[in-house]
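Data block below; observations after.
The values are calculated or read from the model by the stated rules, or taken from the named source; none is laboratory data. These numbers come from a predicted model, not from an experiment. In this analysis, Cβ positions are derived from the backbone assuming ideal geometry, glycine residues included, and neighbour counts consider all displayed protein chains. Surface areas here come from the heavy atoms of the whole protein model, side chains and all, with no ligands, DNA or RNA. Shrake-Rupley method; radii C 1.70, N 1.55, O 1.52, S 1.80 Å.
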Amino acid sequence: AVAGSDWNYYLFECLGTFKECRKLHVTASHYDDPVAVALATSSLLSVALHGARDTEPFVCVGGLNTQKRASMAESLRGDGIPVSEPCKRLPGAAPKNIVNRSREAGVQLEISVPLCRKLENDEGFRQTFGAAVRRGME
């Protein structure tokens, strides 16, 4: 819903159990898959979507591109999606963070468990969320 047919898209996903997937966790500043790094460093902007363990429904908006970060927060809020910006707990501010390696850095979205579940199960919400993210990056 975010990438559509005109944005580059890279997915790191575990299809195992929570316990199996937890072992695969890599912090964004240590993520060095050559394909992902090449994509990020050859891009003008980046947006990263991460799942967060928070139990309240909200999106924590971080990343080094402060202008796009503020635009993203405004866009999400405009569609009634609760937002915390700037993200204090998971700021996504490390220069080596994969989202910040594009030319103009990027925006990192930490999506809480309730909103992740809603994205998985509600096509309408998924489309609304995707459109809000795209507007936030314009």
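What order do VAL83, VAL99 take when sorted by accessible area (1.4 Å probe), most exposed first? Don't skip to the answer; put the middle values down first.
On the way: VAL83 30, VAL99 5 Å².
From most accessible down to least: VAL83, VAL99.
Taking every DSSP beta bridge that has both ends in the chain, the antiparallel portion is near 35%. Over the chain, the fraction of Cα-Cα pairs per 5 Å bin, rounded to whole percents and listed from the shortest bin up, is 2, 10, 20, 25, 22, 15, 5, 0. Rounded to whole numbers, the Karplus 3J(HN,Hα) couplings from phi for the stretch 76-93 are 5, 4, x, 9, x, 8, x, 9, 10, 8, x, 6, 7, 6, 10, x, x, 9 Hz, using 6.51 cos²θ - 1.76 cosθ + 1.60 with θ = phi - 60°, and x at Gly and Pro.
On a C-alpha basis, how far is the centre of the stretch 21-72 from the centre of the stretch 73-129 in Å? Whole number, if you could? When both Cα centres are located, 8 Å separates them. Counting only Cβ charges, +1 for Lys and Arg and -1 for Asp and Glu, the dipole size of the stretch 3-138 around its Cα centre is about 340 debye.
Computed on the Cα atoms alone, the convex hull of the stretch 55-128 gives a volume of 90 cubic angstrom per residue. Only lysine pairs 8 or more places apart or on separate chains count here, and in the chain those with Cα atoms under 26 Å apart total 9. For the chain, the per residue solvent-accessible surface stands at 60 Å², with DNA, RNA and ligands left out and a 1.4 Å probe. For SER84, the residues whose modelled amide H falls within less than 5 Å of its own, excluding neighbours fewer than 5 places apart on the same chain, are VAL59, CYS60, VAL61. A cut-off of 5 Å between modelled amide H atoms, ignoring neighbours fewer than 5 places along the same chain, links GLY51 with ILE111.
Report the trypsin sites (Lys or Arg not before Pro) located in the stretch 64-113 that are in a DSSP loop and have at most 15 other Cβ atoms inside 10 Å of their Cβ, or state none.
On the way: sites: LYS68, ARG69, ARG77, LYS88, ARG89, LYS96, ARG101, ARG103; in loops: LYS88, ARG89, LYS96, ARG103.
Passing both the DSSP loop test and the Cβ count: LYS88, ARG89, LYS96, ARG103.
Kirkwood analysis of the Cα pair distances in the stretch 44-89 returns a hydrodynamic radius of 11.1 Å.
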